[in-house]
Amino acid sequence: MIEQTLETAGSGLEAVFSVDAILPEDARDWQLRAREFARRRIAPTIEEDFEAQHFRRELIEEIGAAGFLGMHISGYGCAGASATAYGAVCLEFEAIDSGWRTFVSVQGSLAMTAIAKFGSEEQKQRWLPEMAAGRAVGCFALTEPSGGSDPGAMRTVAQRTADGWVITGAKRWIGLATVADIAVVWAQTDDGVRGFLVPTDTPGFTATAITGKHAMRASIQCDITLDDVQVASDALLPGAVGLRGPFSCLNEARYGIVWGVMGAARSCLSAAIDRARSRVVFGEPIGAYQLTQAKLADMLVEYEKGVLLARHLGAQKDAGTLSHAQISVGKLNNVREAIAIAGTARSILGGDGVTSEFPVMRHMANLEAVRTYEGTDEIHALIVGRALTGLSAFA
Ligand code: TGC
(Lines give C-alpha, C1' and ligand atoms only; values in the text may rest on other atoms or scores of the structure.)
Protein backbone atom coordinates (compact mmCIF):
# COMPACT_ATOMS: atom_id res chain seq x y z
CA MET A 1 0.00 0.00 0.00
CA ILE A 2 2.72 2.43 1.03
CA GLU A 3 4.95 1.44 -1.92
CA GLN A 4 2.08 2.03 -4.29
CA THR A 5 1.45 5.49 -2.84
CA LEU A 6 5.13 6.41 -3.14
CA GLU A 7 5.33 5.25 -6.73
CA THR A 8 2.21 7.14 -7.72
CA ALA A 9 3.44 10.37 -6.16
CA GLY A 10 6.96 10.06 -7.55
CA SER A 11 9.14 10.01 -4.46
CA GLY A 12 12.73 10.02 -3.37
CA LEU A 13 15.34 12.75 -3.05
CA GLU A 14 15.82 13.36 -6.78
CA ALA A 15 12.07 13.67 -7.29
CA VAL A 16 11.88 16.46 -4.73
CA PHE A 17 15.14 18.34 -5.33
CA SER A 18 17.96 17.58 -7.72
CA VAL A 19 21.22 19.49 -7.88
CA ASP A 20 21.57 18.27 -11.48
CA ALA A 21 18.56 20.31 -12.54
CA ILE A 22 19.88 23.66 -11.32
CA LEU A 23 23.27 23.55 -13.05
CA PRO A 24 24.11 25.23 -16.35
CA GLU A 25 24.90 22.76 -19.12
CA ASP A 26 28.70 23.00 -18.92
CA ALA A 27 28.70 22.48 -15.16
CA ARG A 28 26.29 19.58 -15.46
CA ASP A 29 28.56 17.91 -17.96
CA TRP A 30 31.52 18.18 -15.57
CA GLN A 31 29.34 17.05 -12.67
CA LEU A 32 28.19 13.89 -14.43
CA ARG A 33 31.74 12.98 -15.37
CA ALA A 34 32.89 13.52 -11.79
CA ARG A 35 29.99 11.46 -10.47
CA GLU A 36 30.75 8.62 -12.84
CA PHE A 37 34.45 8.70 -11.97
CA ALA A 38 33.96 8.90 -8.21
CA ARG A 39 31.36 6.12 -8.14
CA ARG A 40 33.41 3.83 -10.38
CA ARG A 41 36.95 4.45 -9.09
CA ILE A 42 36.64 5.66 -5.48
CA ALA A 43 33.40 4.32 -4.02
CA PRO A 44 34.14 0.58 -4.35
CA THR A 45 37.18 0.75 -2.06
CA ILE A 46 36.52 3.77 0.14
CA GLU A 47 35.31 1.92 3.24
CA GLU A 48 38.30 -0.40 3.11
CA ASP A 49 40.70 2.52 2.57
CA PHE A 50 39.16 4.53 5.39
CA GLU A 51 39.45 1.53 7.70
CA ALA A 52 43.06 0.84 6.69
CA GLN A 53 44.03 4.54 6.66
CA HIS A 54 45.15 4.11 3.07
CA PHE A 55 45.49 6.84 0.43
CA ARG A 56 45.07 5.28 -3.01
CA ARG A 57 47.83 7.22 -4.72
CA GLU A 58 47.45 5.36 -8.01
CA LEU A 59 44.22 7.28 -8.69
CA ILE A 60 46.00 10.62 -8.98
CA GLU A 61 47.00 10.35 -12.64
CA GLU A 62 43.52 9.08 -13.53
CA ILE A 63 41.98 12.12 -11.85
CA GLY A 64 44.43 14.31 -13.74
CA ALA A 65 43.69 12.60 -17.06
CA ALA A 66 39.97 13.23 -16.48
CA GLY A 67 40.73 16.96 -16.22
CA PHE A 68 39.65 17.61 -12.62
CA LEU A 69 42.97 19.00 -11.29
CA GLY A 70 43.21 22.79 -11.46
CA MET A 71 40.19 22.69 -13.78
CA HIS A 72 39.31 26.33 -12.99
CA ILE A 73 42.71 27.56 -14.24
CA SER A 74 43.10 28.62 -17.87
CA GLY A 75 46.06 27.45 -19.94
CA TYR A 76 49.05 25.33 -18.89
CA GLY A 77 47.16 22.10 -19.53
CA CYS A 78 44.20 23.16 -17.35
CA ALA A 79 40.60 23.13 -18.52
CA GLY A 80 39.56 26.74 -17.81
CA ALA A 81 36.18 25.57 -16.52
CA SER A 82 33.72 27.78 -14.64
CA ALA A 83 33.69 28.09 -10.86
CA THR A 84 30.22 26.53 -10.88
CA ALA A 85 31.52 23.50 -12.78
CA TYR A 86 34.39 23.15 -10.30
CA GLY A 87 31.95 23.33 -7.41
CA ALA A 88 29.78 20.61 -8.90
CA VAL A 89 32.85 18.38 -9.27
CA CYS A 90 33.73 18.97 -5.61
CA LEU A 91 30.19 17.96 -4.65
CA GLU A 92 30.43 14.65 -6.51
CA PHE A 93 33.86 13.77 -5.08
CA GLU A 94 32.76 14.59 -1.54
CA ALA A 95 29.56 12.59 -1.99
CA ILE A 96 31.92 9.63 -1.88
CA ASP A 97 34.49 10.92 0.62
CA SER A 98 35.77 14.28 1.91
CA GLY A 99 39.33 12.99 1.66
CA TRP A 100 39.19 12.78 -2.12
CA ARG A 101 37.53 16.19 -2.48
CA THR A 102 40.32 17.45 -0.23
CA PHE A 103 42.89 15.95 -2.59
CA VAL A 104 41.36 17.82 -5.54
CA SER A 105 41.26 21.01 -3.39
CA VAL A 106 44.83 20.84 -2.10
CA GLN A 107 46.26 20.12 -5.53
CA GLY A 108 44.03 22.45 -7.57
CA SER A 109 42.67 25.17 -5.30
CA LEU A 110 45.74 25.62 -3.11
CA ALA A 111 49.02 24.48 -4.67
CA MET A 112 48.17 25.07 -8.34
CA THR A 113 46.28 28.29 -7.62
CA ALA A 114 49.27 29.69 -5.72
CA ILE A 115 51.50 29.02 -8.73
CA ALA A 116 48.94 30.24 -11.27
CA LYS A 117 48.20 33.47 -9.38
CA PHE A 118 51.63 34.34 -8.06
CA GLY A 119 54.23 32.31 -9.96
CA SER A 120 56.68 33.46 -12.64
CA GLU A 121 56.11 32.30 -16.21
CA GLU A 122 58.92 29.75 -15.73
CA GLN A 123 57.33 28.40 -12.53
CA LYS A 124 53.96 28.06 -14.25
CA GLN A 125 55.45 26.29 -17.27
CA ARG A 126 57.49 23.99 -15.05
CA TRP A 127 54.74 22.90 -12.66
CA LEU A 128 51.18 23.52 -13.84
CA PRO A 129 50.99 21.10 -16.82
CA GLU A 130 52.54 18.30 -14.75
CA MET A 131 50.23 18.98 -11.82
CA ALA A 132 47.15 19.20 -14.04
CA ALA A 133 48.02 15.79 -15.45
CA GLY A 134 48.56 14.35 -11.97
CA ARG A 135 52.18 13.51 -12.77
CA ALA A 136 53.33 15.92 -10.07
CA VAL A 137 51.67 16.51 -6.71
CA GLY A 138 51.72 19.74 -4.72
CA CYS A 139 51.04 20.70 -1.14
CA PHE A 140 50.35 24.04 0.54
CA ALA A 141 52.33 24.63 3.73
CA LEU A 142 50.69 27.44 5.69
CA THR A 143 49.39 26.12 9.02
CA GLU A 144 51.87 25.72 11.88
CA PRO A 145 51.88 23.52 14.99
CA SER A 146 51.12 26.50 17.24
CA GLY A 147 47.70 26.94 15.55
CA GLY A 148 46.06 27.40 12.19
CA SER A 149 43.67 30.28 12.80
CA ASP A 150 46.25 33.06 12.92
CA PRO A 151 48.71 32.72 10.03
CA GLY A 152 49.94 36.23 10.91
CA ALA A 153 51.72 34.66 13.90
CA MET A 154 53.72 32.36 11.61
CA ARG A 155 57.14 31.41 12.95
CA THR A 156 58.64 29.86 9.84
CA VAL A 157 61.25 32.25 8.47
CA ALA A 158 63.07 32.61 5.16
CA GLN A 159 66.33 34.54 5.13
CA ARG A 160 68.15 35.78 2.07
CA THR A 161 71.54 34.31 1.30
CA ALA A 162 74.03 35.32 -1.40
CA ASP A 163 72.30 33.18 -4.03
CA GLY A 164 68.87 32.34 -2.63
CA TRP A 165 67.02 31.67 0.60
CA VAL A 166 67.29 29.48 3.67
CA ILE A 167 64.00 28.44 5.26
CA THR A 168 63.56 27.22 8.84
CA GLY A 169 60.39 26.24 10.67
CA ALA A 170 57.59 23.72 11.02
CA LYS A 171 54.15 23.18 9.48
CA ARG A 172 51.25 20.96 10.52
CA TRP A 173 48.11 19.47 8.98
CA ILE A 174 49.54 19.80 5.50
CA GLY A 175 47.62 17.64 3.02
CA LEU A 176 49.61 15.36 0.71
CA ALA A 177 53.05 16.45 1.92
CA THR A 178 54.48 12.91 2.05
CA VAL A 179 53.48 12.23 -1.55
CA ALA A 180 54.11 15.75 -2.89
CA ASP A 181 56.83 16.67 -5.34
CA ILE A 182 56.60 20.38 -4.66
CA ALA A 183 55.59 22.31 -1.55
CA VAL A 184 54.28 25.87 -1.57
CA VAL A 185 55.85 27.07 1.69
CA TRP A 186 54.77 30.35 3.29
CA ALA A 187 57.37 32.05 5.49
CA GLN A 188 58.11 35.35 7.19
CA THR A 189 60.74 37.48 5.44
CA ASP A 190 61.97 41.04 5.82
CA ASP A 191 59.26 41.95 3.27
CA GLY A 192 56.46 40.18 5.16
CA VAL A 193 55.00 36.76 4.37
CA ARG A 194 56.26 35.32 1.06
CA GLY A 195 55.69 32.02 -0.74
CA PHE A 196 58.40 29.62 -1.94
CA LEU A 197 58.32 26.59 -4.22
CA VAL A 198 60.33 23.97 -2.37
CA PRO A 199 60.98 20.60 -4.04
CA THR A 200 60.24 18.03 -1.37
CA ASP A 201 63.54 16.23 -1.95
CA THR A 202 65.49 19.32 -0.87
CA PRO A 203 67.82 18.47 2.05
CA GLY A 204 66.29 19.58 5.35
CA PHE A 205 62.68 19.15 4.18
CA THR A 206 60.96 16.32 6.08
CA ALA A 207 57.29 15.34 5.88
CA THR A 208 55.70 12.85 8.27
CA ALA A 209 52.14 11.60 7.96
CA ILE A 210 49.95 12.28 11.02
CA THR A 211 48.54 9.01 12.36
CA GLY A 212 45.76 8.24 14.82
CA LYS A 213 43.20 10.34 12.93
CA HIS A 214 39.57 9.34 13.33
CA ALA A 215 38.63 11.49 10.34
CA MET A 216 39.93 11.83 6.77
CA ARG A 217 41.50 8.41 7.05
CA ALA A 218 41.60 7.79 3.30
CA SER A 219 43.73 10.91 2.77
CA ILE A 220 47.05 12.18 4.04
CA GLN A 221 47.77 15.09 6.38
CA CYS A 222 51.32 15.73 7.56
CA ASP A 223 53.79 17.46 9.79
CA ILE A 224 56.60 19.19 7.93
CA THR A 225 59.93 20.31 9.33
CA LEU A 226 62.12 22.75 7.45
CA ASP A 227 65.63 22.54 8.81
CA ASP A 228 67.83 25.12 7.07
CA VAL A 229 66.27 24.29 3.72
CA GLN A 230 68.24 26.08 0.99
CA VAL A 231 66.50 27.12 -2.20
CA ALA A 232 67.61 29.26 -5.13
CA SER A 233 66.33 32.80 -5.74
CA ASP A 234 63.91 31.54 -8.37
CA ALA A 235 62.02 29.51 -5.72
CA LEU A 236 60.30 32.72 -4.58
CA LEU A 237 56.75 33.26 -5.89
CA PRO A 238 57.20 36.79 -7.22
CA GLY A 239 53.55 37.84 -7.16
CA ALA A 240 52.66 37.24 -3.51
CA VAL A 241 53.64 39.74 -0.81
CA GLY A 242 51.90 39.58 2.57
CA LEU A 243 49.08 37.42 3.89
CA ARG A 244 46.81 38.43 1.03
CA GLY A 245 48.67 35.80 -1.05
CA PRO A 246 47.87 32.68 0.98
CA PHE A 247 44.44 34.02 1.97
CA SER A 248 43.41 34.39 -1.66
CA CYS A 249 44.32 30.71 -2.21
CA LEU A 250 42.27 29.77 0.88
CA ASN A 251 39.31 31.55 -0.73
CA GLU A 252 39.45 29.07 -3.61
CA ALA A 253 39.60 26.05 -1.30
CA ARG A 254 36.85 27.37 0.98
CA TYR A 255 34.65 27.92 -2.06
CA GLY A 256 35.11 24.26 -3.07
CA ILE A 257 34.12 23.19 0.45
CA VAL A 258 30.84 25.13 0.21
CA TRP A 259 29.84 22.77 -2.62
CA GLY A 260 31.70 19.67 -1.51
CA VAL A 261 30.06 19.19 1.87
CA MET A 262 26.63 19.23 0.23
CA GLY A 263 27.77 16.04 -1.54
CA ALA A 264 28.42 14.40 1.84
CA ALA A 265 25.04 15.70 3.00
CA ARG A 266 23.30 14.25 -0.08
CA SER A 267 24.89 10.89 0.52
CA CYS A 268 23.72 10.85 4.17
CA LEU A 269 20.21 12.02 3.28
CA SER A 270 19.87 9.37 0.55
CA ALA A 271 20.96 6.64 2.96
CA ALA A 272 18.40 7.85 5.51
CA ILE A 273 15.57 7.94 2.94
CA ASP A 274 16.37 4.43 1.73
CA ARG A 275 16.43 3.16 5.28
CA ALA A 276 13.21 4.96 6.20
CA ARG A 277 11.43 3.22 3.35
CA SER A 278 12.76 -0.27 4.03
CA ARG A 279 13.21 -0.63 7.78
CA VAL A 280 10.07 -1.96 9.44
CA VAL A 281 9.53 -1.22 13.14
CA PHE A 282 6.24 -1.58 15.02
CA GLY A 283 4.77 -3.07 11.86
CA GLU A 284 5.43 -0.10 9.54
CA PRO A 285 8.43 1.29 7.62
CA ILE A 286 9.94 3.91 9.92
CA GLY A 287 9.43 6.43 7.10
CA ALA A 288 5.68 6.11 7.71
CA TYR A 289 6.07 7.66 11.18
CA GLN A 290 5.67 11.39 11.58
CA LEU A 291 8.84 11.85 13.64
CA THR A 292 10.95 10.27 10.86
CA GLN A 293 9.26 12.34 8.18
CA ALA A 294 9.87 15.52 10.17
CA LYS A 295 13.55 14.64 10.41
CA LEU A 296 13.78 13.90 6.70
CA ALA A 297 11.95 17.11 5.82
CA ASP A 298 14.33 19.20 7.95
CA MET A 299 17.32 17.48 6.35
CA LEU A 300 15.98 18.13 2.86
CA VAL A 301 15.29 21.78 3.65
CA GLU A 302 18.86 22.36 4.82
CA TYR A 303 20.36 20.34 1.96
CA GLU A 304 18.36 22.24 -0.64
CA LYS A 305 19.21 25.60 0.96
CA GLY A 306 22.89 24.65 1.08
CA VAL A 307 23.00 23.65 -2.57
CA LEU A 308 21.17 26.81 -3.61
CA LEU A 309 23.62 28.89 -1.58
CA ALA A 310 26.54 27.13 -3.31
CA ARG A 311 24.93 27.73 -6.69
CA HIS A 312 24.39 31.41 -5.82
CA LEU A 313 28.02 31.85 -4.70
CA GLY A 314 29.18 30.02 -7.82
CA ALA A 315 27.26 32.44 -10.02
CA GLN A 316 28.84 35.37 -8.16
CA LYS A 317 32.28 33.83 -8.52
CA ASP A 318 31.78 33.30 -12.24
CA ALA A 319 30.66 36.94 -12.50
CA GLY A 320 33.76 38.09 -10.56
CA THR A 321 31.71 39.59 -7.72
CA LEU A 322 32.16 37.05 -4.91
CA SER A 323 33.49 38.57 -1.66
CA HIS A 324 35.53 36.85 1.07
CA ALA A 325 32.69 37.37 3.53
CA GLN A 326 30.23 35.59 1.24
CA ILE A 327 32.57 32.60 1.02
CA SER A 328 32.64 32.57 4.82
CA VAL A 329 28.82 32.57 4.90
CA GLY A 330 28.88 29.52 2.63
CA LYS A 331 31.58 27.63 4.51
CA LEU A 332 30.04 28.34 7.92
CA ASN A 333 26.51 27.39 6.92
CA ASN A 334 27.11 24.45 4.65
CA VAL A 335 29.61 22.59 6.85
CA ARG A 336 27.44 23.17 9.92
CA GLU A 337 24.32 21.93 8.16
CA ALA A 338 26.08 18.96 6.54
CA ILE A 339 27.19 17.86 10.01
CA ALA A 340 23.63 18.23 11.31
CA ILE A 341 22.25 16.25 8.36
CA ALA A 342 24.80 13.47 8.93
CA GLY A 343 23.87 13.31 12.62
CA THR A 344 20.15 13.10 11.91
CA ALA A 345 20.73 10.48 9.21
CA ARG A 346 22.65 8.43 11.73
CA SER A 347 19.70 8.50 14.11
CA ILE A 348 17.35 7.23 11.37
CA LEU A 349 19.75 4.38 10.60
CA GLY A 350 19.65 3.25 14.23
CA GLY A 351 22.50 1.14 15.55
CA ASP A 352 23.53 0.04 12.07
CA GLY A 353 24.28 3.69 11.36
CA VAL A 354 27.58 3.47 13.21
CA THR A 355 28.86 0.68 10.97
CA SER A 356 30.63 0.78 7.62
CA GLU A 357 27.52 -0.76 6.05
CA PHE A 358 26.50 2.89 5.57
CA PRO A 359 28.70 5.87 4.66
CA VAL A 360 27.16 8.13 7.28
CA MET A 361 29.53 7.75 10.24
CA ARG A 362 32.53 8.15 7.90
CA HIS A 363 31.03 11.35 6.49
CA MET A 364 30.29 12.60 10.03
CA ALA A 365 33.88 12.06 11.11
CA ASN A 366 35.28 13.64 7.95
CA LEU A 367 33.00 16.65 8.25
CA GLU A 368 34.31 17.36 11.74
CA ALA A 369 37.76 17.80 10.17
CA VAL A 370 36.32 19.94 7.37
CA ARG A 371 34.65 22.10 10.03
CA THR A 372 38.09 22.99 11.37
CA TYR A 373 40.30 23.31 8.32
CA GLU A 374 40.25 26.30 5.95
CA GLY A 375 38.90 28.41 8.80
CA THR A 376 36.91 27.18 11.80
CA ASP A 377 33.24 28.03 12.38
CA GLU A 378 34.44 30.67 14.84
CA ILE A 379 36.80 32.30 12.34
CA HIS A 380 34.12 32.42 9.66
CA ALA A 381 31.57 33.85 12.11
CA LEU A 382 34.08 36.59 12.95
CA ILE A 383 34.83 37.30 9.30
CA VAL A 384 31.08 37.76 8.70
CA GLY A 385 30.79 39.79 11.91
CA ARG A 386 33.61 42.08 10.79
CA ALA A 387 31.97 42.56 7.40
CA LEU A 388 28.68 43.49 9.10
CA THR A 389 30.06 45.85 11.72
CA GLY A 390 33.37 47.07 10.34
CA LEU A 391 34.88 46.00 13.67
CA SER A 392 37.51 43.30 14.03
CA ALA A 393 36.89 40.91 16.95
CA PHE A 394 39.57 38.27 16.35
CA ALA A 395 41.65 39.04 19.44
P1 TGC B 1 43.83 40.73 7.93
O2 TGC B 1 44.43 41.98 8.48
O3 TGC B 1 42.38 40.53 7.99
O4 TGC B 1 44.34 40.56 6.44
C5 TGC B 1 45.70 40.59 6.08
C6 TGC B 1 45.73 40.85 4.60
O7 TGC B 1 45.07 39.79 3.91
C8 TGC B 1 43.91 40.29 3.23
N9 TGC B 1 42.86 39.30 3.39
C10 TGC B 1 42.43 38.56 2.39
N11 TGC B 1 42.75 38.56 1.09
C12 TGC B 1 42.13 37.67 0.31
N13 TGC B 1 41.21 36.82 0.78
C14 TGC B 1 40.85 36.79 2.07
N15 TGC B 1 39.95 35.93 2.52
C16 TGC B 1 41.48 37.70 2.94
N17 TGC B 1 41.40 37.94 4.27
C18 TGC B 1 42.24 38.93 4.52
C19 TGC B 1 43.60 41.61 3.89
O20 TGC B 1 42.90 42.46 3.03
C21 TGC B 1 44.98 42.11 4.18
O22 TGC B 1 45.55 42.55 2.99
P23 TGC B 1 46.58 43.80 2.94
O24 TGC B 1 46.99 43.90 1.53
O25 TGC B 1 45.80 44.98 3.45
O26 TGC B 1 47.69 43.42 3.87
O27 TGC B 1 44.60 39.54 8.60
P28 TGC B 1 44.46 38.92 10.01
O29 TGC B 1 45.80 38.39 10.37
O30 TGC B 1 43.76 39.87 10.95
O31 TGC B 1 43.53 37.66 9.69
C32 TGC B 1 42.24 37.60 9.99
C33 TGC B 1 41.69 36.17 9.77
C34 TGC B 1 41.38 35.53 11.12
C35 TGC B 1 40.43 36.34 8.97
C36 TGC B 1 42.67 35.25 9.02
O37 TGC B 1 43.81 35.06 9.77
C38 TGC B 1 42.09 33.89 8.71
O39 TGC B 1 41.36 33.71 7.73
N40 TGC B 1 42.41 32.87 9.54
C41 TGC B 1 42.06 31.49 9.25
C42 TGC B 1 43.17 30.86 8.48
C43 TGC B 1 42.81 29.48 8.00
O44 TGC B 1 41.80 29.28 7.36
N45 TGC B 1 43.71 28.55 8.30
C46 TGC B 1 43.52 27.17 7.96
C47 TGC B 1 44.24 26.85 6.65
S48 TGC B 1 44.05 25.18 6.25
C49 TGC B 1 45.64 24.68 6.08
O50 TGC B 1 46.59 25.38 6.22
C51 TGC B 1 45.84 23.33 5.63
S52 TGC B 1 45.86 23.44 3.94
C53 TGC B 1 44.76 22.27 3.55
C54 TGC B 1 45.47 20.97 3.50
O55 TGC B 1 46.67 20.94 3.25
O56 TGC B 1 44.78 19.93 3.68
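The values are calculated or read from the model by the stated rules, or taken from the named source; none is laboratory data. Values in this document were obtained by computation on a predicted structure and should not be read as measured data. Glycine gets a Cβ as well: all are built from the backbone with ideal geometry, and neighbour counts include every protein chain shown. Note: areas computed on protein heavy atoms with side chains; ligands, DNA, RNA excluded. Shrake-Rupley method; radii C 1.70, N 1.55, O 1.52, S 1.80 Å.
Numbers for the structure displayed
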{"item": "Heavy-atom accessible surface of the range 138-241: percent carbon and sulfur, 1.4 Å", "result": "48 percent"}
{"item": "In sequence order, calculated HN-Hα J values of the range 132-141 (Karplus, 6.51, -1.76, 1.60; Hz; x Gly/Pro)", "result": "4, 7, x, 7, 10, 10, x, 10, 10, 9"}
{"item": "Theoretical ellipticity at 222 nm over the chain - DSSP helices of four or more residues, -39500 (n - 2.57) apiece, nearest 500", "result": "-16000 deg cm²/dmol"}
{"item": "Interchain or long-range residues, amide H under 5 Å from F205's placed H", "result": "D227"}
{"item": "Candidates V261, V354, V370, ranked by Gaussian network fluctuation over the chain, Cα under 10 Å, top entry", "result": "V354"}
{"item": "Over 27 Å (Cα to Cα) - which of K117/K317; K171/K331; K213/K305; K213/K295; K124/K305; K171/K213 fall in this group", "result": "K213/K305; K213/K295; K124/K305"}
{"item": "Cα gyration tensor shape of the range 245-389, rounded if a/c is under 1.5, else prolate or oblate by comparing a/b with b/c", "result": "prolate"}
{"item": "Residue among T168, T45, T156 with the largest mean-square fluctuation in a Gaussian network model of the chain, springs linking Cα atoms under 10 Å", "result": "T45"}
{"item": "Whole-angstrom gap from the range 47-63 to the range 104-141, using each part's C-alpha centre", "result": "21 Å"}
{"item": "Percent RCO, i.e. relative contact order, over the chain, from Cα pairs under 8 Å lying at least 6 residues apart", "result": "17 percent"}
{"item": "Calculated over the chain: convex hull of Cα atoms, volume per residue (Å³)", "result": "139 Å³"}
{"item": "Cut-off under 5 Å, modelled amide H: who pairs with G67 long-range", "result": "none"}
{"item": "Between the range 143-214 and the range 23-39, the Cα center-to-center distance that results, in Å", "result": "35 Å"}
{"item": "Where GluC sites (Glu not before Pro) fall in DSSP loop in the range 229-319, at most 11 other Cβ within 10 Å", "result": "none"}
{"item": "Accessible area (Å², per residue) of the range 245-389, counting only protein heavy atoms and a probe of 1.4 Å", "result": "41 Å²"}
{"item": "Accessible area (Å², 1.4 Å probe, nearest 10) - H324", "result": "110 Å²"}
{"item": "For the chain, built as a Gaussian network whose Cα springs stay under 10 Å, the top-fluctuating residue of S149, S270, S18", "result": "S18"}
{"item": "Point-charge dipole on Cβ atoms (K/R +1, D/E -1) for the range 138-241, about Cα centre, debye to 20", "result": "420 debye"}
